[in-house]
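Step one of this worksheet: look at the structure below.
The values are calculated or read from the model by the stated rules, or taken from the named source; none is laboratory data. Computed from a prediction, not measured in an experiment: that's the story for all the values here. Note: ideal-geometry Cβ built from the backbone for every residue, glycine included; neighbour counts use all protein chains shown.
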Amino acid sequence: MTTPLHPQNVIALVWDFDKTLIPGYMQDPIFEEYRVDAGQFWREVNALPAYYRCHGVNVSSDNSYLNHLLTYVQHGRMQGLTNAKLRELGAQIKFHPGLPEFFPYLKEQLAKLPDADRFEIRLEHYIVSTGLREMIEGSSIRPYVDGIWASEFIENPAPPHFDPDVTVALDESPAQRSLFPAAGISQIAVAYDNTSKTRALFEINKGGNKTISIDVNSTMRAEDRRVPFHHMIYIADGPSDVPAFSVMRQNSGTAYAVYDDTNDLSLEQVERLRRDGRIDHFGPADYRTGSPTGKWLWLRVKQIAQTIIQERQAALKVRIGVAPTHLPH
């Protein structure tokens with residue numbers, strides 16, 4: 001019998017961002033900073049696939065907004081929008097009630113469960129978003145997050161014939177800073193869409209986010225995976241997250257949807273997801289500890305933790321022999 005790679009003592013909550021953790025879209029502070037009409041920007045983004053199709057080009061509707069942001073930068077409408085600026089604007093993001101306090105609250109409650117410390121059970125929070133990583137990095141929730149998957153930009157692309165042996169970071173070399181000043185974001189480094197978000201779920205599942213030598217496409221036994229899917233909860237807001245919801249449901253994970261309790265259409269949307277078997281449960285996007293969502297998520301975390309504890313206790317009984325005793329006279 002081979003030793004498993006991981007003790008499988010981690011519970012992971014994986015969060016969508018826009019309309020899940022926050023009421024709207026994280027890009028709103030960008031539009032306010034540069035006095036750009038947000039409604040017009042998104043109408044343009046929605047029209048891009050048809051616009052480019054007329055020119056014989058097919059574009060992805062999920063992340064075409066990233067290219068449109070770059071177009072605004074290149075045309076001077078968002079002059080000086082750097083990664084540092086994105087992180088600075090991230091501090092302006094407003095979260096749903098109960099956040100970010102709910103993230104550490106769950107960890108504190110878990111630590112109070114009998115035997116949770118004995119069996120080293122831990123809770124980790126991850127964010128998987130089609131939004132902008134730098135803005136999440138700058139937001140108030142960042143200190144409570146164990147990992148982020150989101151879209152990123154390059155400011156200074158490597159020029160033709162660049163020296164591949166140069167590994168000094170730009171912020172560490174005054175000479176390089178003068179040669180390549182950060183005028184603004186200029187290329188997409190990585191783009192997440194609603195389908196590629198599922199890759200992040202498998203990286204968390206297999207532990208590739210913790211051990212770089214583990215490739216997400218590698219074959220791995222169920223007992224070797226760092227976070228089994230039945231130890232994971234995915235929380236998101238709607239139909240765009242159906243691919244991730246499906247991965248969770250197909251692998252015995254938990255799928256939870258939140259809705260805007262001021263919008264009846266939002267409630268109807270998540271009820272349809274429940275009726276279609278896409279999710280396990282749903283509740284309002286309110287994470288205060290007494291709210292239905294706060295109570296249900298803690299209940300599910302506690303159930304998963306108690307199952308792990310029971311499995312560990314049963315394993316101890318099987319593997320530890322009976323101590324010798326005196327024979328009766």
### Summary
For the stretch 233-244, pairs from a residue that is without any contact (Cβ under 8 Å) to a residue 60 or more places away in the chain and surrounded by fewer than 24 Cβ atoms within 10 Å (Cβ to Cβ) to a residue that is of a type in the set (Lys, Arg) and part of a helix (DSSP H, G or I), with Cβ under 8 Å and 6 or more apart or across chains, are 243/197
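Here are some residues: 60, 64. Which one is surrounded by 13 or more Cβ atoms within 10 Å (Cβ to Cβ), in contact (Cβ under 8 Å) with a residue 24 or more places away in the chain, closer than 20 Å to residue 190 by Cα and of a type in the set (S, T, N, Q)?
Answer to the check: 60.
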### Query
Of the residues 152, 120, 124, which single one is surrounded by fewer than 21 Cβ atoms within 10 Å (Cβ to Cβ), out of contact with any helix residue (DSSP H, G or I) (no Cβ under 9 Å at 6 or more places or on another chain) and modelled with pLDDT of 90 or more?
120
### Task
Please enumerate the residues belonging to the stretch 203-216 that are in contact with a helix residue (DSSP H, G or I) (Cβ under 7 Å, 6 or more places away or on another chain) and assigned to a loop (DSSP other than H, G, I, E, B).
209, 214, 216
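Take the stretch 12-56 and flag every residue that is in a strand (DSSP E or B) and aliphatic (A, V, I, L, M).
12, 13, 14, 22 - these are the residues of the stretch 12-56 that are in a strand (DSSP E or B) and aliphatic (A, V, I, L, M).
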### Task
Check 211, 195, 219 and return the single one that is loosely packed, with under 15 Cβ neighbours inside 10 Å and touching a Pro at 6+ places or on another chain (Cβ under 9 Å).
195
### Message
Test of understanding: among 10, 14, 45, which residue is at pLDDT 95 or above, out of contact with any Leu (no Cβ under 7 Å at 6 or more places or on another chain) and buried (at least 20 other Cβ atoms within 10 Å of the Cβ)?
### Response
10
### Query
Would a scan of the stretch 71-78 turn up a residue that is buried (at least 18 other Cβ atoms within 10 Å of the Cβ), modelled with pLDDT of 95 or more and part of a loop (DSSP other than H, G, I, E, B)?
yes
### Query
Identify, please: which residue in the stretch 155-180 is under 26 Å from residue 65 (Cβ atoms) and exposed (fewer than 15 other Cβ atoms within 10 Å of the Cβ) and is, among those, modelled with the lowest pLDDT?
158
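Tell me which strands (runs of 3 or more DSSP E) are completely within the stretch 217-329 and hold 3 or more residues being hydroxyl-bearing (Ser, Thr, Tyr) and on the phi < 0 side of the Ramachandran plot, or say none if there are none.
Hits in the stretch 217-329: 254-259.
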### Message
Could you tell me how many of the residues in the stretch 75-84 are within 18 Å of residue 38 (Cα to Cα) and touching a residue at least 40 places away in the same chain (Cβ under 8 Å)?
### Response
4
### Task
Give the number of residues within the stretch 79-89 that are exposed (fewer than 14 other Cβ atoms within 10 Å of the Cβ) and among the hydroxyl-bearing types (Ser, Thr, Tyr).
0
#### Entry: Residue check for residue 95: crowded, with 17+ Cβ neighbours inside 10 Å, touching a residue at least 12 places away in the same chain (Cβ under 8 Å), more than 19 Å from residue 25 (Cα to Cα) and under 26 Å from the mean Cα position of the chain (by Cα)
no
### Message
Return the residues of the stretch 79-100 that are part of a loop (DSSP other than H, G, I, E, B), of a type in the set (Gly, Ala, Ser) and at pLDDT 95 or above; say none if nothing qualifies.
### Response
91, 98
### Task
State which residue pairs qualify: first residue free of Cβ contacts under 8 Å to residues at least 12 places away in the same chain and more than 13 Å from residue 113 (Cβ to Cβ) and inside the stretch 289-301, second residue crowded, with 16+ Cβ neighbours inside 10 Å and of a type outside the set (Val, Ile, Thr) in any location, beta carbons under 7 Å apart, and separation of 6 or more residues or different chains.
292/283; 292/284
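Within the stretch 251-288, can you find the residues that are acidic (Asp, Glu) and without any contact (Cβ under 8 Å) to a residue 60 or more places away in the chain?
If the condition is that a residue be acidic (Asp, Glu) and without any contact (Cβ under 8 Å) to a residue 60 or more places away in the chain, then 261, 264, 268, 271, 276, 280 are the ones that fit.
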### Residue count for the stretch 234-245, restricted to those that are of a type in the set (Ser, Thr, Tyr) and within 22 Å of residue 301 (Cβ to Cβ)
1
